[in-house]
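Some notes on the structure that comes next.
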Amino acid sequence: MFPYWLLFSVFALGALGWDGGSKQDRPTPMLLIAAALMVLLIGLRWQVGADWFPYERMYDEISQWGLIAAFEITEPLYGLLNLAADRLGMGIWAVNIVCSVLFAWGLIRFAKLQPNPWLAIVVAVPFLAIVVAMGFTRQGAAIGLAMLALVALHNNSIRTSIFYVLLASTFHRSALVLIPLIGISNTQNRFQVLFFTLMASVLGYVFLLDSAVDRYSTTYVEQVYQADGAAPRLAMNIIPALMVLFFSQRLRLEGAERRLWIAFACLGLLLNILLLFTASTVALDRIGIYVIPMQMLVFSRLPLIFNPEGQPSKIITFGIVAYAAAVQFVWLNFASNAEYWLPYKFILLD
């Protein structure tokens with residue numbers, strides 16, 4: 001368990017030591033070093049994660065059958081990445097490194113939008129970094145690109161935001177769920193929003209979804225497949241969602257950004273409601289992953305919202321770090337599929 005707690009501790013110490021200093025557009029050197037550690041632990045893991053062997057089989061099939069298999073058995077960009085790694089004689093570790101870079105890049109960029117970027121990442125480490133990025137490689141890359149889309153939207157660039165969502169969809173099609181949320185959040189030019197949202201949706205369906213409708217229908221709908229832990233993971237979005245809905249001003253959310261996170265909050269609550277009426281929870285669980293950035297946003301701002309002087313509350317910061325540590329402890333020790341992550345193995349030491 002040491003590598004997982006090392007990763008958590010690095011960001012936890014940064015969060016506890018954060019003094020609310022001047023905000024910088026670029027990551028600090030220490031944050032970049034911590035991000036590099038994250039990339040190495042995610043990208044150079046070996047036989048870690050519940051989907052490791054299915055991904056390994058996918059890599060072998062693409063290596064054997066080439067370009068056709070790269071497009072038929074998985075999302076296009078992920079398939080091409082596997083094919084390129086094989087043709088360059090590198091191996092699946094190269095695929096994992098690229099995906100880990102995409103994840104960490106998006107995570108750091110999104111965290112930098114928050115008052116305490118270290119604290120935002122601490123909230124993400126237990127599930128988003130360890131479970132998703134180390135276990136579901138394609139969706140790890142997709143959520144990283146999705147967070148870049150959120151950064152672009154924060155900078156009022158809807159075109160760039162939709163571009164990143166479509167790029168994320170070439171790693172995992174579920175990212176397309178973000179397109180309607182982007183459209184809802186920007187109403188200054190309704191014709192422009194409608195045009196780009198419809199265009200992105202059509203392109204996404206034609207090139208990404210259409211060929212996989214039957215496969216996804218079988219996997220997510222026709223089979224009654226229960227995602228272990230889906231209920232508690234989705235429930236973790238409830239409090240942040242309620243905070244956004246009722247305390248958006250205290251969270252310093254305004255204009256299009258406020259509309260965006262209200263849409264995320266509604267989606268997070270809707271997924272919890274739908275969970276009560278379906279026995280097939282995988283689709284809800286995978287969509288819920290894209291709501292986790294809302295947890296990062298809310299919890300990283302909590303130390304400031306109850307302090308009129310604008311200085312972060314050390315007590316609240318410590319409480320959030322302790323909460324994230326408890327989430328990680330419970331998952332590593334009691335999750336039914338944690339055995340696929342334990343022990344952690346590093347490729348260079350295997």
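The values are calculated or read from the model by the stated rules, or taken from the named source; none is laboratory data. Quick caveat: nothing in here was measured; it's all calculated off a predicted structure. FYI the Cβ positions are ideal-geometry reconstructions off the backbone, even for glycines, and counts take in every protein chain you see. Accessible surface is based on the protein model in full, side chains and every heavy atom, while ligands, DNA and RNA are left aside. Shrake-Rupley method; radii C 1.70, N 1.55, O 1.52, S 1.80 Å.
Round to the nearest 0.05 the FRET efficiency obtained for PHE306 and ASN156 when R0 = 35 Å and r is the Cβ-Cβ distance. Walk me through the intermediate numbers first.
Values: r = 29 Å, r/R0 = 0.84.
Taking R0 as 35 Å, the efficiency between PHE306 and ASN156 is 0.75.
Taking label points 7 Å from Cα along the Cα-to-Cβ direction, VAL330 and LEU276 give a separation of 2.0 nm.
For the range 41-132, the relative contact order is 28 percent, taking Cα pairs closer than 8 Å that sit 6 or more residues apart in sequence and dividing their mean separation by the residue count. Stokes-Einstein diffusion of the range 71-141 at 25 °C, 0.890 mPa s viscosity, Kirkwood radius from Cα pairs, rounded to a whole number: 187 µm²/s. Of THR170, THR278, the order by accessible heavy-atom surface (1.4 Å probe, DNA, RNA and ligands excluded), from most exposed downward, is THR278, THR170. Restricting the range 233-333 to GluC sites (Glu not before Pro) that sit in a DSSP loop and have at most 13 other Cβ atoms within 10 Å of their own Cβ leaves GLU254, GLU309. Loop-located GluC sites (Glu not before Pro) in the range 1-104 (DSSP state not H, G, I, E or B) with no more than 14 neighbouring Cβ atoms inside 10 Å do not occur.
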